[in-house]
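For reference, the structure is listed below as structure tokens.
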Amino acid sequence: MQSLLELKSGVQGFSKCSLIFGRRRYGAFNASASQFQVLSGREMVMRPFTVCRASQLIEIERLQSLSVGGILAQDLCAFAVSLVGSLVWVKIFGMFSDRDIIEKKLCRKLIHITTAPVFVISWLLYSSAPEAQYLAALVPLVNIVKIAANGVGVFKDESFVQSMSRAGSAAELLAGPLFYTMSLFVITACFWRTSLTSFLAVGILSGGDGMADIVGRRFGKHKLPYNRNKSVEGSIAMFTFGSLFVIGLVSLFGFFGIKPVGISGHLIYLSIFPISAICTFVESLPLTNKVDDNLAVPFSAIALGVFLHRFVSL
């Protein structure tokens, strides 16, 4: 990859020196400290500036390869951990279901509730390099291939099919489980960890929709007047747990210094509740008998999150 040393005039007799590799700006070379500083944002500059001679340029190239190589190694390790973790996670629930440790229906819902948040938490393992987002998106993509292959009968993993289907039919994987994983792929590839939209879609899909089914089936005594297949208790559970999951994810990433961009801090938490309420209403509509919840819920959250980011953020 071709490197370019870019010099810009500075202030108070100093200049700014930064390194651009291809079209990506990864770091800055601090000539006074003989140190290459990896960037976390679009640009980082250093001072004081000393004239970069041929020997310093050689050192810059050496540090460039070490720093970029370290970033790549971190992201590849994060990808491996995330991919293996996602496969093992589902496998564990499959074993619980096979041995009747957990009821089959409950096992399927626990996969629904936990898989997406666990995957999103693995985003913390990646670097801030722009390419990390797309490497992370390969994890749900690999799972999409696995689900589709089992659904059409190319692969036959009976434990996998039993843990993710209602009636034990492999063809069922081509509906809800496939849509669920496709939603994760879109969320990762298009929004990533600095977007509130990601946390809204994942939290409401996993925590909200997942708990709505569990609570609705076990405690749902009061049916909604416009949809007798849904209950008031299930809708309350969706709003409550969906909001809590989003708040939990936003707070966790904020603790590690990763906060949603393009929206003020006070609006982040204030926006969660109305968006969760709207998604709860969408999930309760009779329309979701024809449109799978794993599409209707996350893409409603995505649409609302994009609207919030573009027109409401301050």
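Residue 147 falls short on exactly one of the conditions (1) under 25 Å from residue 296 (Cβ atoms); (2) in contact with an Asp or Glu (Cβ under 8 Å, 6 or more places away or on another chain); (3) aliphatic (A, V, I, L, M), and that condition is (2). Of all the criteria given as (1) farther than 29 Å from residue 306 by Cα; (2) in contact (Cβ under 8 Å) with a residue 40 or more places away in the chain, the one not satisfied by residue 198 is (1).
If the requirement is being touching a Cys at 6+ places or on another chain (Cβ under 8 Å), within 20 Å of residue 180 (Cα to Cα), in a helix (DSSP H, G or I) and not polar (S, T, N, Q), which of these qualifies: 242, 305?
On inspection, the qualifying residue turns out to be 242.
For segment 143-161: of the residues being over 21 Å from the mean Cα position of the chain (by Cα) and buried (at least 19 other Cβ atoms within 10 Å of the Cβ), which is nearest to residue 87 (Cα to Cα)? Within segment 143-161, the match that is nearest to residue 87 (Cα to Cα) is 160. Taken over segment 99-134, the criterion of being among the polar types (S, T, N, Q), surrounded by 17 or more Cβ atoms within 10 Å (Cβ to Cβ) and in a helix (DSSP H, G or I) is satisfied by 115, 122, 133. If you filter segment 191-201 down to residues that are of a type outside the set (Lys, Arg) and not in a helix (DSSP H, G or I), you find that the one that is surrounded by the fewest Cβ atoms within 10 Å (Cβ to Cβ) is 194. The criterion of being polar (S, T, N, Q), within 18 Å of the chain's Cα centre (by Cα), assigned to a helix (DSSP H, G or I) and closer than 27 Å to residue 124 by Cβ holds for residue 251. Scanning segment 162-171 for residues that are among the basic types (Lys, Arg) and within 23 Å of the chain's Cα centre (by Cα) yields a total of 0.
Here the condition is being farther than 22 Å from residue 132 by Cβ, modelled with pLDDT of 95 or more and buried (at least 24 other Cβ atoms within 10 Å of the Cβ); of 204, 236, 187, it holds for 204 alone. Inside segment 207-240, residues that are under 19 Å from residue 116 (Cβ atoms) and among the hydroxyl-bearing types (Ser, Thr, Tyr) make up a count of 1.
Out of the residues in segment 215-231 that are surrounded by fewer than 19 Cβ atoms within 10 Å (Cβ to Cβ) and either of a type in the set (A, V, I, L, M, F, W, C) or not assigned by TED's automatic domain parsing to the domain that holds residue 105 (or both), which is farthest from residue 273 (Cα to Cα)? Can you show your working first?
Step one: list which residues in segment 215-231 are surrounded by fewer than 19 Cβ atoms within 10 Å (Cβ to Cβ), which gives 217-219, 221-229.
When the remaining residues are screened for being either of a type in the set (A, V, I, L, M, F, W, C) or not assigned by TED's automatic domain parsing to the domain that holds residue 105 (or both), the result is 219, 224.
Working: 219: 23, 224: 21 Å.
Step by step, filter segment 215-231, then rank; the result is 219.
The values are calculated or read from the model by the stated rules, or taken from the named source; none is laboratory data. As the structure is a prediction and not an experimental result, all values here were calculated from the model. Neighbour counts are summed over all protein chains in view; Cβ atoms, including those assigned to glycine, are modelled from backbone coordinates with ideal geometry.
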